[in-house]
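Notes for the one structure printed next.
The values are calculated or read from the model by the stated rules, or taken from the named source; none is laboratory data. Predicted model only: the values in this text are computed from it and were never measured. So basically every Cβ, Gly included, is an ideal-geometry build from the backbone, and we count neighbours across all protein chains shown. Surface areas here come from the heavy atoms of the whole protein model, side chains and all, with no ligands, DNA or RNA. Shrake-Rupley method; radii C 1.70, N 1.55, O 1.52, S 1.80 Å.
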Amino acid sequence: MKYIIVVTGASTGFGRMAANALAEAGHTVYAGMRETQGRNAPQVQAVKEYARQHEIDLRAIELDVSSQESTTQAIGTIVREHGRLDVVVHNAGHMVYGPTEAFTPEQLAELYDINVLSTQRVNRAALPQLRKQRAGLLLWVSSSSTRGGTPPYLAPYFAAKAGMDSLAVSYAAELARWGIDTSIIVPGAFTKGTNHFLHAGKPADQARADEYAKGPTADLAAVALKGLAALEPPDADPAEVAQAIVRVVNMPFGKRPYRVHVDPSQDGAEIVHGVGDRVRAELLRRIGLGDTLTAHTVSS
């Protein structure tokens with residue numbers, strides 16, 4: 001089937017790769033990004049050019065996930081143009097790097113807003129349409145950091161991604177009877193091929209960051225980054241995440257996997273998630289909600 005899809009945070013990185021790949025697979029894809037007439041204007045032009053060159057239906061759309069008004073307007077535009085919306089890819093996010101203590105509470109709140117509250121804004125805009133259709137897919141781009149190895153200096157990002165993952169887990173059961181599938185894509189730590197680390201935010205409290213840089217933790221950042229890079233196979237390709245998203249979207253309704261790991265470094269998340277997801281399934285069955293483990297429709 002040809003689906004109508006919106007991808008958040010699609011100006012660069014996993015989001016842009018996924019938007020391209022989904023459009024190349026024959027779907028109509030809206031690459032959501034903010035400041036389309038400002039700093040992301042070159043990305044809008046790049047999307048248009050890519051669509052023209054590959055003869056695909058790929059469109060940039062103003063979608064600032066930090067604004068409910070912008071999010072609601074973007075989703076409304078898509079629904080008006082097509083009469084439906086089939087797939088929402090929750091990809092928007094931001095990373096920070098540095099000693100946890102050196103980040104202000106306000107910085108953590110901002111990161112939580114970008115990585116977690118943004119998905120709630122999008123859901124509140126999109127789910128009324130998906131529930132009306134009794135069909136759709138929420139595809140969440142999580143992180144192996146939510147259950148795998150957690151190197152230092154990434155705690156604010158890890159905490160935010162864990163919050164997003166927990167939200168996805170709860171939504172899955174709540175939406176199953178509405179005919180809405182849930183799949184969670186879990187990328188590992190790709191240190192090359194994306195702008196995650198390059199564009200990572202820094203602590204606002206530089207004085208405290210300097211104390212860590214000059215104290216017994218002076219080598220912590222360098223060792224962690226070097227170690228992460230060493231774990232990553234030479235052929236690790238972040239485009240594999242985009243291809244995993246395409247495969248999930250193209251699967252039949254009710255047959256899509258609940259969770260898919262794309263982690264060349266194998267940091268252990270797949271093992272731990274396997275246990276956690278199994279426990280979740282067992283509990284839902286024990287309390288009489290086993291039917292919510294798979295998306296389907298029931299009469300209202």
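Mind listing whichever residues of segment 144-170 are over 27 Å from E106 (Cβ atoms), open to solvent by less than 30 Å² (accessible area, probe 1.4 Å) and outside any loop (DSSP other than H, G, I, E, B)? Talk me through it step by step, then tell me what you get.
In the first step, residues of segment 144-170 are kept if they are over 27 Å from E106 (Cβ atoms); the result is 144, 147-149, 169.
Cutting the leftovers down to open to solvent by less than 30 Å² (accessible area, probe 1.4 Å) gives us 144, 148.
Correct list: S144 only.
Can you pull out the residues in segment 279-296 that are under 20 Å from V248 (Cβ atoms) and either of a type in the set (D, E, K, R) or not in a loop (DSSP other than H, G, I, E, B) (or both)?
Narrowing segment 279-296 to residues under 20 Å from V248 (Cβ atoms): 280-281, 292-296.
Passing the criteria: R280, A281, T292, L293.
Quickly run through segment 1-19 and pick out the residues that are of a type in the set (A, V, I, L, M) and either open to solvent by 20 Å² or more (accessible area, probe 1.4 Å) or not in a helix (DSSP H, G or I) (or both).
Step one: filter segment 1-19 for residues of a type in the set (A, V, I, L, M), giving 1, 4-7, 10, 17-19.
Once the filter is applied, which keeps residues that are of a type in the set (A, V, I, L, M) and either open to solvent by 20 Å² or more (accessible area, probe 1.4 Å) or not in a helix (DSSP H, G or I) (or both), segment 1-19 yields M1, I4, I5, V6, V7, A10, M17.
Name every residue in segment 228-243 that is among the acidic types (D, E) and either touching a helix residue (DSSP H, G or I) at 6+ places or on another chain (Cβ under 8 Å) or open to solvent by less than 30 Å² (accessible area, probe 1.4 Å) (or both), in order of residue number. First the steps, then the outcome.
Within segment 228-243, the subset among the acidic types (D, E) is 232, 235, 237, 240.
Matches in segment 228-243: E232 only.
In a strand (DSSP E or B), within 24 Å of Y171 (Cβ to Cβ) and not β-branched (V, I, T), is that true of H261? Break it down stepwise before answering.
Values: in a strand (DSSP E or B): yes; within 24 Å of Y171 (Cβ to Cβ): yes; not β-branched (V, I, T): yes.
Yes: the conditions hold for H261.
Return the only residue of T100, T77 being under 26 Å from Y171 (Cα atoms) and at pLDDT 95 or above. Before you say what the answer is, go through the steps one by one.
Values: T100 fails: under 26 Å from Y171 (Cα atoms).
None of the other options fit; the residue is T77.
Considering each of V249, V241, V272 in turn, give the residue that is in a helix (DSSP H, G or I) and either closer than 24 Å to R131 by Cα or without any contact (Cβ under 8 Å) to a residue 40 or more places away in the chain (or both). Give the derivation first.
On the way: V241 fails: either closer than 24 Å to R131 by Cα or without any contact (Cβ under 8 Å) to a residue 40 or more places away in the chain (or both); V272 fails: either closer than 24 Å to R131 by Cα or without any contact (Cβ under 8 Å) to a residue 40 or more places away in the chain (or both).
Just a single option satisfies the conditions, and that option is V249.
Can you find, within segment 20-44, the residue that is nearest to D237 (Cα to Cα) among those that are assigned to a strand (DSSP E or B) and among the β-branched types (V, I, T)?
Quick first cut of segment 20-44, residues assigned to a strand (DSSP E or B) only: 28-33.
Narrowing further to those that are among the β-branched types (V, I, T): 28-29.
Working: T28: 25, V29: 22 Å.
Selected residue: V29.
Can R39 be described as farther than 17 Å from I245 by Cβ and not acidic (D, E)? Show your work before the answer.
Working: farther than 17 Å from I245 by Cβ: yes; not acidic (D, E): yes.
In short, yes.
So which helices (runs of 4 or more DSSP H) are wholly in segment 62-134 and hold at least 2 residues that are farther than 30 Å from A213 by Cα?
Values: elements: 68-82, 105-112, 118-133.
By residue number, 68-82, 118-133.
When you check G215 against the structure, is it surrounded by fewer than 18 Cβ atoms within 10 Å (Cβ to Cβ), in contact (Cβ under 8 Å) with a residue 12 or more places away in the chain and of a type outside the set (K, R), yes or no? Before you say what the answer is, go through the steps one by one.
Working: surrounded by fewer than 18 Cβ atoms within 10 Å (Cβ to Cβ): yes; in contact (Cβ under 8 Å) with a residue 12 or more places away in the chain: no; of a type outside the set (K, R): yes.
No.
Of (1) touching a residue at least 60 places away in the same chain (Cβ under 8 Å); (2) open to solvent by less than 20 Å² (accessible area, probe 1.4 Å); (3) of a type in the set (S, T, Y); (4) touching a Phe, Trp or Tyr at 6+ places or on another chain (Cβ under 8 Å), Y97 satisfies all except one. Which?
(2)
Counting only residues that are of a type in the set (A, V, I, L, M) and over 18 Å from T77 (Cα atoms), which one in segment 20-41 is surrounded by the most Cβ atoms within 10 Å (Cβ to Cβ)?
So the first thing to find is which residues in segment 20-41 are of a type in the set (A, V, I, L, M), and the list is 21-23, 25, 29, 31, 33, 41.
Subsequent filtering for residues that are over 18 Å from T77 (Cα atoms) retains 21-23, 25, 41.
Numbers: A21: 22, L22: 27, A23: 25, A25: 18, A41: 12.
That would be L22.
Taking A204, is it touching a residue at least 24 places away in the same chain (Cβ under 8 Å), under 26 Å from Y171 (Cβ atoms), open to solvent by 20 Å² or more (accessible area, probe 1.4 Å) and outside any helix (DSSP H, G or I)? Even if it seems obvious, please write down each step before you answer.
Working: touching a residue at least 24 places away in the same chain (Cβ under 8 Å): yes; under 26 Å from Y171 (Cβ atoms): no; open to solvent by 20 Å² or more (accessible area, probe 1.4 Å): yes; outside any helix (DSSP H, G or I): yes.
Taking the combined requirement at face value, the residue does not satisfy it.
If we keep just the residues of segment 108-132 that are in contact (Cβ under 8 Å) with a residue 24 or more places away in the chain, surrounded by fewer than 19 Cβ atoms within 10 Å (Cβ to Cβ) and more than 18 Å from A74 (Cβ to Cβ), which is nearest to the chain's Cα centre (by Cα)?
Y112
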